[in-house]
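The values are calculated or read from the model by the stated rules, or taken from the named source; none is laboratory data. Quick caveat, the model's predicted, so the values are computed rather than measured. Counting neighbours? That spans all protein chains shown, and the Cβs are built from the backbone with ideal geometry, glycine included.
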Amino acid sequence: MTTGPTWIVGSGGLLGGALAGELRRRDTPALTSVVPWGDPARAVQVLRDDARRLLTEAAGGPWRMAWCAGAGVNGTSADEFAGENTLLSNVLDALADGGGDGRVFHASSAGGVYAGAPGAPHDEHSTTAPLSDYGRAKLDAEEIVTDFGRRSGTDIVIGRFANLYGPGQNLAKPQGLISHLCRGYLLSAPVSIYVPMDTLRDYVYVTDAAEMVADALSRPATGVTVTTKIFASGRSVTIGSILGACRSVFRKKPNVVLATSPLAAGQARDLRLRSVVWTDLDQRTHLPLPAGIESTLGAIRRQLARR
């Protein structure tokens, strides 16, 4: 199926970078942006210009936009999240003329929106219950994208992601346990863990996730304006199991420190996930956790060697 050009916002990040690579592998035209994120006014202008470029290249035909951007994490202020969502709104306004020939994919967080929800495993029909500004901001962004789709007739896909890991994780962010464990091993530095060892999470390797997103972008329109889908491996592991897998890869015990943090209040104990929407996208073999850790370790080793 011809999907037209795809514009990836956030191609310098973990998911956006992997998605750009996957689209290139599929010979799908992919546009990216160099965004001055630290200057909101200039960022808006750059993104609005690039949105118009996307529609120009589509030439009245189909187009896709994947929003994989967002610097906020647990602990980021509500005001900063509001700024990110204002930027998202501005970019969507620039796409309004694209109408029904377009599809917007928005990367959200399953962990953020289901953090306080009872009754795991959670699926797309589970009640959302964020416990932090991070989760509330993700729901606000989902509503912004949903409203845009209904106003403009644009196809909307909201992807609620499990814990992504793999090469390309921003180590300056206080997230990404596996990447930080790999970095700690290479630098002989301790890694603090703020949640209990029996905490359950679903980890999905980033290139597996990117393949799923690319498949979602290329699906034929179904007549449903807004589709929400969980992107996960379908297999949950405890933090203790992750440490055990790291030990087998590192051939030594990971250097961790059990600590406390007010941010732990925004973390759920049980975040098992399952998808009941577009389940054909889930019918794939996911990279096993030890192999994913090994790949992440190699990427961080090369990164550190270039410094």
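Does Asp208 satisfy being farther than 24 Å from Gly234 by Cβ and at pLDDT 95 or above?
Numbers: farther than 24 Å from Gly234 by Cβ: no; at pLDDT 95 or above: yes.
Judged against the criteria, Asp208 is not a match.
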Where the second residue is of a type in the set (Lys, Arg) and the first is modelled with pLDDT under 90 and lies in the range 60-79, which pairs have Cβ atoms under 6 Å and are six or more apart or on separate chains?
Val73/Lys173
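Kindly indicate whether any position in the range 56-64 is closer than 25 Å to Gly168 by Cα and surrounded by 15 or more Cβ atoms within 10 Å (Cβ to Cβ). Full working, then the answer.
Step one: filter the range 56-64 for residues closer than 25 Å to Gly168 by Cα, giving 64.
Within this subset, residues satisfying the condition of being surrounded by 15 or more Cβ atoms within 10 Å (Cβ to Cβ) are 64.
Yes - at least one qualifying residue is present in the range 56-64.
Test of understanding: among Arg274, Arg247, Arg219, which residue is basic (Lys, Arg), surrounded by 12 or more Cβ atoms within 10 Å (Cβ to Cβ), within 20 Å of Thr127 (Cα to Cα) and out of contact with any Ser or Thr (no Cβ under 8 Å at 6 or more places or on another chain)?
On the way: Arg247 fails: within 20 Å of Thr127 (Cα to Cα); Arg219 fails: within 20 Å of Thr127 (Cα to Cα).
Only one candidate qualifies: Arg274.
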Tabulated pairs, the range 164-179, first hydroxyl-bearing (Ser, Thr, Tyr), second surrounded by fewer than 16 Cβ atoms within 10 Å (Cβ to Cβ), C-beta under 8 angstrom, 6+ apart or interchain:
Ser179/Leu171
Output the number of the condition that Glu143 fails; it satisfies all remaining conditions of (1) in a helix (DSSP H, G or I); (2) surrounded by 23 or more Cβ atoms within 10 Å (Cβ to Cβ).
(2)
Please go through (1) buried (at least 18 other Cβ atoms within 10 Å of the Cβ); (2) closer than 22 Å to Val195 by Cα for Gly240 and return the number of the only condition it doesn't satisfy.
(1)
Can you tell me which residue within the range 194-207, out of those that are hydrophobic (A, V, I, L, M, F, W, C) and surrounded by fewer than 22 Cβ atoms within 10 Å (Cβ to Cβ), is nearest to Phe231 (Cα to Cα)?
Leu200
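Take Thr128 and tell me if it is farther than 25 Å from Asp202 by Cβ and either surrounded by 16 or more Cβ atoms within 10 Å (Cβ to Cβ) or modelled with pLDDT of 90 or more (or both).
Values: farther than 25 Å from Asp202 by Cβ: no; either surrounded by 16 or more Cβ atoms within 10 Å (Cβ to Cβ) or modelled with pLDDT of 90 or more (or both): yes.
Against the criterion (farther than 25 Å from Asp202 by Cβ and either surrounded by 16 or more Cβ atoms within 10 Å (Cβ to Cβ) or modelled with pLDDT of 90 or more (or both)), Thr128 does not qualify.
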